[in-house]
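Report on the following structure.
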Amino acid sequence: MRVRAIMTPAKDLTVLQPTDSARSAIQLIEDNGFLSLPVVENKIFIGFLSKQFIYDTFFKSGNNDIQAFLEKPVSEFIFNKVDAVTPDLLVEEAADIFFKNKRRFIPVIGEQNEFLGIVTQNSLFGILTKIYGLHDPKISILTDDFKGVLTKIAETISKNDGNITNIALLDTEVMGIQEISIRLEGNDIDKIVKKLEEKGFKVREFVK
């Protein structure tokens, strides 16, 4: 899946202009409960601005007149150390960016550097949860022959009216033993677990 499928398009976003005052930016952020906002000029992403960054800049400046300080334009407070991505980026690559960097959102740009929208942590984690079926029951099976047992496991689940939503293979690093983690759905998961055990599979964990 690509970033374009989960991004919030620019037309649905509240954005700041570099010429907006810091005061109006703070008001906009507070009124809407935002943590930060993108700054865009002529459809080009410039950076982002947070209320915290404005106040941090004020306290470091030594300025005593906060009212006058807040009349400064947004352009003086933009944080632009943010790498944008293209809409064709894989969602797992976007997840890696969030994992390695403290980002509230990732800007998405087109071929002409035009601002297309953003990817948020919530949208990313929401789709990953859906893809990997994290709300579905989970069965963990230990085996030393992944290729040999996977087909048999799938057949057993299917014959008992179950449907696999996700499979992950984990190396236990103990005597070549592999753990097969299976997310599945069905009307009688307990029956499926029982049938798997009857087939000789070592069910290590069963979480409904």
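Brief remarks follow.
- Output for region 12-25, where each listed residue is under 18 Å from residue 46 (Cβ atoms) and either in a helix (DSSP H, G or I) or not charged (D, E, K, R) (or both): 13, 14, 15, 16, 17, 18, 19, 21, 22, 24, 25
- Selection within region 73-100 - open to solvent by less than 70 Å² (accessible area, probe 1.4 Å), at pLDDT 90 or above, in a loop (DSSP other than H, G, I, E, B) and not aliphatic (A, V, I, L, M): 87
- Of everything listed in (1) out of contact with any Phe, Trp or Tyr (no Cβ under 9 Å at 6 or more places or on another chain); (2) in contact (Cβ under 8 Å) with a residue 12 or more places away in the chain; (3) farther than 19 Å from residue 6 by Cα; (4) of a type in the set (D, E, K, R), the single unmet condition for residue 43 is (1).
- Within region 127-176, restricting attention to residues that are of a type in the set (Asp, Glu) and either buried (at least 16 other Cβ atoms within 10 Å of the Cβ) or within 14 Å of residue 197 (Cα to Cα) (or both), the residue that is modelled with the lowest pLDDT is 136.
- Considering region 24-36, and only residues there that are buried (at least 16 other Cβ atoms within 10 Å of the Cβ) and in contact (Cβ under 8 Å) with a residue 24 or more places away in the chain, the residue that is farthest from residue 48 (Cα to Cα) turns out to be 26.
- Residue check, residue 52 of a type outside the set (Phe, Trp, Tyr), under 25 Å from the mean Cα position of the chain (by Cα) and over 19 Å from residue 87 (Cα atoms): yes
- Looking only at residues in region 110-126 that are outside any helix (DSSP H, G or I) and open to solvent by less than 30 Å² (accessible area, probe 1.4 Å), the one that is nearest to residue 11 (Cα to Cα) is 117.
The values are calculated or read from the model by the stated rules, or taken from the named source; none is laboratory data. Remember, predicted model here, so these are calculated numbers, not experimental data. Ideal geometry is used to build each Cβ from the backbone, glycine not excepted, and the neighbour counts take in all protein chains shown. Side chains are part of the model used for accessible areas, which takes the heavy atoms of the whole protein and leaves out ligands, DNA and RNA. Shrake-Rupley method; radii C 1.70, N 1.55, O 1.52, S 1.80 Å.
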